1. Filtering segment A:286-318 down to residues that are within 14 Å of chain B (Cβ to nearest Cβ) and more than 16 Å from ligand 1 (Cβ to nearest atom), which residue is surrounded by the most Cβ atoms within 10 Å (Cβ to Cβ)?
2. Could you pull out the residue among A:179, A:156, A:174, A:236 that is within 14 Å of ligand 1 (Cβ to nearest atom), of a type in the set (Gly, Ala, Ser) and over 30 Å from residue A:343 (Cα atoms)?
3. Kindly provide the set of residues from segment B:76-93 that are away from ligand 3 (no atom under 16 Å from the Cβ) and either in a strand (DSSP E or B) or surrounded by fewer than 19 Cβ atoms within 10 Å (Cβ to Cβ) (or both), ordered by number.
4. Would segment A:189-206 turn up any residue that is more than 9 Å from chain B (Cβ to nearest Cβ), within 16 Å of ligand 2 (Cβ to nearest atom), surrounded by fewer than 24 Cβ atoms within 10 Å (Cβ to Cβ) and among the aliphatic types (A, V, I, L, M)?
5. Given (1) part of a loop (DSSP other than H, G, I, E, B); (2) touching a Leu at 6+ places or on another chain (Cβ under 7 Å); (3) buried (at least 18 other Cβ atoms within 10 Å of the Cβ), where does residue A:186 come up short, assuming only one miss?
6. Can you give me the number of residues within segment B:110-136 that are open to solvent by less than 60 Å² (accessible area, probe 1.4 Å), in a loop (DSSP other than H, G, I, E, B) and more than 19 Å from residue A:83 (Cα to Cα)?
7. Exactly one condition in (1) assigned to a loop (DSSP other than H, G, I, E, B); (2) more than 16 Å from ligand 3 (Cβ to nearest atom) is not met by residue A:158; state its number.
8. Checking residue B:107 against (1) crowded, with 16+ Cβ neighbours inside 10 Å; (2) more than 14 Å from every other protein chain (Cβ to nearest Cβ); (3) more than 26 Å from residue A:169 (Cα to Cα), which single condition isn't satisfied?
Amino acid sequence: MTNPIILLRGQEVPNIHQYDVYVQHGGYQGLKKALGMSPDEVINEVKNSGLRGRGGAGFPAGVKWSFIPKNEPVKYVTVNADESETGTFKDRLIMETNPHQLIEGALICAYAIQAKAVYIYLRGEFWDVAHQLDQCIEDARKDGWVGKNIGGGNFSCEVYTHLGAGAYICGEESALLNSLEGKLGQPRVRPPFPAQKGGGLYGEPTVVNNVETIANVPWIMVNGAAEYKKIGTEQSAGTKLYCVSGHVKKPGVYELPFTATFRELLYDICGGPSVEGRNFKALLPSGGSGPIVHLNDQVLDTRMSYEDTAKIGTIIGSASLIVMDDSVDITWVASKVTKFFKHESCGKCTPCREGTYWLDKVIDRILAGEGRPEDVKLIENVAKNMAGITLCALGEFAANPIIHTIKNFPDDFNQHVAKKAETKPVPAKKLAAAGD
Amino acid sequence: MAIINNDKYTQRINWHLSKYPDKRSAVMPLLYIAQEEYGWVSPEGINEVAQLCDMDPTQVKSIAGFYTMYSEKPKGKYWLQVCNDLACALRGADEFHHDLLHHLGIEEGGTTDDGLFTVEHVMCLAACDKAPMLQCNFHFMENLDMAKMKAWIEEKRAELEKENS
Ligand SMILES: Cc1cc2nc3c(=O)[nH]c(=O)nc-3n(C[C@H](O)[C@H](O)[C@H](O)COP(=O)(O)O)c2cc1C
Ligand code: SF4
Ligand code: FES
């Protein structure tokens, strides 16, 4: 059986990003179908499809939509196109190559919750992508798919883009809403959650979904929930865009059903290790924030689904696979990832702000060969103390890589500190003299 | 020039202000316009944006300071933001960044004397499969190496010389 293609469908069609071409290939039929159903029927269809959020957490999309209170007059949809996790580059591909798919999906979501407007929040670097989307929105408007009385019915909805300006934290949904409101892009205290009155955009109930999540929706409307559910595994319906970077021959974005294994992706599709004679060593399956694993046979034969990756102690998350061969020192990886989170911590809570600062400092010391054996324990403790007590999940994201790199690759750390353990400590007097 | 009452921007400013139920939400797009006009988010730009969004200038300044893409000091004509985050670094981005600085004779974050190039390293730009890569004034340049960069730099220098002669 050839693999089903949902998200990258139409990629072979020249100019599928243009409105006319998209329509010639069945575009806006999903929205048309949705408009002929009741909003609740649309929500149920998405619920039944088993579609889960692709932004990382995997929350069922239809369930999220059903949380929106029906009796509130003003509601919003925000599409999360902040895509800033290290190793993630799938949303950009969807928006560059098939932007109408996203606009159509967002309008279906808006109809389902009866939203007044859709805001697509893009990371600031997606400047060109945002301008193309603006053009697409205007093209769809001309045919009555955006604005007043969509498709000739009673439903009206606007669609806008909004560019961020370089802050990873704005991908966190409550920070995104603050940023969109013109406030500092820092997370909010929850509850109230975005779906609740008081918690969403301008205090109104709001759905926040990732680009890839939303891009599935037109297909589900056209083909039905049952067809969608046939693809993938029991708990992971549909296909996923896997972003592969690092030490493989053919890095890139690939669409596969959740039943595919790491081996199929990394060997059959990506061609194995990029340097002849080298072997795979480690894998970060979900960017910098997810637990690192040994890239061994057990992992290679695991299906890349939510439930299967949980069994091997990691997550599939946003499916940002960073592949490392045996030339890589995992202490260096821990350092790179920590620098990222130190830079991106918004500074609102102390454990995250201070924790990332200290982690970075001590790892640098270890890498420079100046660490002591107890430094490894020290960073492990700092990381463990950060987890679970911060306002948003970034604190956890920053702690995770440290905890798992040390747990799974202790030798990589110990090799740096062992030397120090062997050498006798330099007497303080001598050190002072050397500084003269 | 100002951005208020400037024909070049009026339409875009009004459009951004019309997108949101609250003017304050337009602060980010308008800061980009100010940056386009002044080359950085200058005090004049901050004041104008504050006026347009009904905000206090100090609030606008703190927003500008929170995000890395608003420049708080003037940059070179070409602002090169090199990604040297993990995925790119696995494909030689650290060396590329280092060599680029060396070739231009500047330090990290510095600008060349002719005012043409500023180089900074940044975190993941969502183009990890095309490393080494960088962002030049909001446009991506991908699958780079030093030979390509040197040729590009020469081209830009020649353009400047032509302009000046
Ligand atoms: C620090 C942080 C950064 C995040 N960055 C992103 C992001 O860039 N894109 C995204 O879709 N979700 C991101 N998320 C997850 C969002 O908060 C949110 O769960 C998601 O957009 C919901 O959409 P989904 O249910 O469709 O996945 C981030 C979360 C955290 C804590
Ligand atoms: S955990 Fe970090 S990023 Fe999240 S709110 Fe606290 S300081 Fe900000
Ligand atoms: S790590 Fe450089 S673009 Fe992602």
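The values are calculated or read from the model by the stated rules, or taken from the named source; none is laboratory data. Computed from a predicted model, the values in this text were never measured in an experiment. Neighbour counts are summed over all protein chains in view; Cβ atoms, including those assigned to glycine, are modelled from backbone coordinates with ideal geometry. Protein only, heavy atoms only, side chains kept; ligands, DNA and RNA dropped before computing areas. Shrake-Rupley method; radii C 1.70, N 1.55, O 1.52, S 1.80 Å.
1. A:292
2. Checking each option against the conditions leaves just A:236.
3. B:77, B:78, B:79
4. yes
5. Going through (1) part of a loop (DSSP other than H, G, I, E, B); (2) touching a Leu at 6+ places or on another chain (Cβ under 7 Å); (3) buried (at least 18 other Cβ atoms within 10 Å of the Cβ) one by one, residue A:186 breaks only (2).
6. 4
7. The one condition residue A:158 does not meet is (1).
8. Of everything listed in (1) crowded, with 16+ Cβ neighbours inside 10 Å; (2) more than 14 Å from every other protein chain (Cβ to nearest Cβ); (3) more than 26 Å from residue A:169 (Cα to Cα), residue B:107 misses just condition (1).
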